[in-house]
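Taking it in order: structure first as structure tokens, then the write-up.
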Amino acid sequence: MNGMVIIGAGECGTRAAFALREQGYDGPVTLIGAEAGLPYERPPLSKPDGGQAIRKPICEQAALDAAGIDYRPGMSVEAIDRQTRTLTLTGSSLAYERLLIATGARPRRLTCPGAKLALDFRTHADASAVLVAATGPVAIIGAGLIGMELAALLRGRGIKVTVIEAGPAPLSRAVPPHLATALHDRHIAEGVDFHFGQGIQQINPNGVTLASGDHVAAGLVISAIGVIPDTALAQTAGLATGNGILTDARLATSDPAIFAAGDCAAVAQPGGGHMRLESWRNARDQAQIAARNMLGGTEDFAALHWFWSDQYDLGLQVVGLPKAGQEMVTRPLGDGQISLYLADGLLVAAAGLGPGNSIARDIRLAEMLIAAGSRPDPKVLADPAVGLKALLKTARAA
Amino acid sequence: MNWVTACKLDDIEQEGAIRFDHGSRTYAIYRAPDDSVWCTAGLCTHEAIHLSEGLVMDFEVECPKHSGAFDYRTGEALRLPACENLRTYPVEIVEGEVRVAL
């Protein structure tokens, strides 16, 4: 009997394998991972314990065995034959009834001379190599979430850090501007040097030469200029791809026997177009839906996007997609703040920044308010004396 | 069993939680919507995150980082990624003070 096969054993693929069992599926489940060892969580990679990169398994081998998941680490899939529903593996083949592609994303590479000297930060092996090499001044190329988290980590270890960014400001993609500015200010206060609007002329063993001709001295250069979805297999198999493997709202690709989820999937949106998200929660949420739909479900993916980032002692959380043009209402919250975003009166997003996890509770309440279809009065929303929990109870009772 | 005074009942918001550190350990103390008080180990069993910073709704506390959830009365793990139960500790209220048996 041909079973369910999952390519990619990251957070998404692994969750999907277990979700198939939780849904009661009792046929074969095969989980194929490119890396050796047990599936592991990526978020802890930028939070090392002492000098060591943490490798926190998503599950133990015993859990895989107990669930009857045939886990095949360190294995690459060479091709997908959609006619015969067969995968070509190195030295063998594997037939599938339904296939999930959860191949994730890989670091975008620099193209300047000397680009090979820059280290990526994506896998456990990458994190280990960076931690070993980070003994003197470090240059980080890219001021996105990974670049800024690494800057905080390395400053915390007393290392001189310079961040070089092609755009005019840090964190411009996913973080609302006022919170990006607050984080930027904190990095400056911690002694991080920044160069914005700077291309790279070349990377050499002594550091980075900027387009302006200035030289940033560094013993280690880290490339953190984002990721590109891993679509090669899908593309070769003739599946529809764009910025990711294109799926419908149910996460099915252009072949109804093949699904895609997580960082590699670009999911059809109700308003048209496709959206690809890169986050831990999205990987898990999409895995759940993909697993149910592989078993014949017809559920649309509709979970809100949510992510966090820890830099120094500050915790950032964003839920939904804050955009320019939405009405922003800010609530003070102890030493932090949270902002809520309304589109035509409807609560659609929230973002907060504060020490530790201090803003987490209110962001979670905001998420529940969004899910409840809340249309709060902006004046009430801005009043710190009115708890979001009270608003939620009112919204749910209505 | 060692009974320790942790805080005053009024220190904990109704349907809320506070962190309580004692010796080298950390705990979370909850005040339920019905004003009953409960104590669990302070850190989520999935990753070392303080549960007292999580959202308390009814008899559930949710981890502020990964949304794993527990019934704080029994310590039962209710939602992934939490799968290991929390340890719980007996609580008594004496003249408005919360005492826990650690």
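Please determine whether any residue of segment A:1-20 is of a type outside the set (Lys, Arg), open to solvent by 40 Å² or more (accessible area, probe 1.4 Å) and not in a loop (DSSP other than H, G, I, E, B). No, segment A:1-20 has no match at all.
Could you grab me the full set of residues in segment A:24-55 that are among the basic types (Lys, Arg) and touching a Phe, Trp or Tyr at 6+ places or on another chain (Cβ under 6 Å)?
Residues of segment A:24-55 among the basic types (Lys, Arg): A:42, A:47, A:55.
Of everything in segment A:24-55, just one residue is among the basic types (Lys, Arg) and touching a Phe, Trp or Tyr at 6+ places or on another chain (Cβ under 6 Å), namely A:Arg55.
Scanning segment A:354-384 for residues that are within 14 Å of another protein chain (Cβ to nearest Cβ) and either free of Cβ contacts under 8 Å to residues at least 12 places away in the same chain or among the basic types (Lys, Arg) (or both) yields A:Arg361, A:Arg364.
Results for (1) within 22 Å of A:Asp362 (Cβ to Cβ); (2) touching a Gly at 6+ places or on another chain (Cβ under 6 Å), shown as yes or no for each residue.
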| position | (1), (2) |
| --- | --- |
| B:Cys7 | no, no |
| B:Gly23 | no, no |
| B:Ile29 | yes, no |
| B:His46 | yes, yes |
| B:Asp58 | yes, no |
| B:Glu62 | yes, yes |
| B:Thr74 | no, no |
| B:Ala77 | no, no |
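For (1) closer than 25 Å to A:Thr84 by Cα; (2) open to solvent by 20 Å² or more (accessible area, probe 1.4 Å), each residue gets a yes or a no:
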{"residue": "A:Ile228", "(1), (2)": "no, yes"}
{"residue": "A:Leu239", "(1), (2)": "yes, no"}
{"residue": "A:Arg250", "(1), (2)": "yes, yes"}
{"residue": "A:Thr253", "(1), (2)": "yes, no"}
{"residue": "A:Pro256", "(1), (2)": "yes, yes"}
{"residue": "A:Gly262", "(1), (2)": "no, no"}
{"residue": "A:Ala266", "(1), (2)": "no, no"}
{"residue": "A:Arg276", "(1), (2)": "no, yes"}
{"residue": "A:Ser279", "(1), (2)": "no, no"}
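Looking only at segment B:45-102, residues that are within 12 Å of the chain's Cα centre (by Cα) and touching a residue at least 60 places away in the same chain (Cβ under 8 Å) come to 4 in all.
Those strands (runs of 3 or more DSSP E) of segment B:34-102 in which at least 1 residues are touching a helix residue (DSSP H, G or I) at 6+ places or on another chain (Cβ under 9 Å) and open to solvent by less than 20 Å² (accessible area, probe 1.4 Å), considering only elements entirely within it, cover B:37-41, B:55-57, B:60-62, B:69-71, B:97-101. Note on segment A:297-398: enclosed helices (runs of 4 or more DSSP H) holding 2 or more residues that are open to solvent by 30 Å² or more (accessible area, probe 1.4 Å) and within 16 Å of B:His66 (Cα to Cα) are A:360-371. If the condition is being within 13 Å of another protein chain (Cβ to nearest Cβ) and either free of Cβ contacts under 8 Å to residues at least 12 places away in the same chain or over 22 Å from B:Ile93 (Cα atoms) (or both), then segment B:27-44 contributes B:Leu43, B:Cys44.
With the requirement that a residue be aliphatic (A, V, I, L, M), assigned to a strand (DSSP E or B) and either without any contact (Cβ under 8 Å) to a residue 24 or more places away in the chain or touching a Pro at 6+ places or on another chain (Cβ under 9 Å) (or both), what does segment A:79-123 give you? Scanning segment A:79-123 gives a single hit, A:Ala105.
The values are calculated or read from the model by the stated rules, or taken from the named source; none is laboratory data. As the structure is a prediction and not an experimental result, all values here were calculated from the model. Glycine also receives a Cβ, built like all others from the backbone with ideal geometry; neighbour counts cover every protein chain displayed. Ligands, DNA and RNA are excluded from the accessible area calculation, which covers all protein heavy atoms including side chains. Shrake-Rupley method; radii C 1.70, N 1.55, O 1.52, S 1.80 Å.
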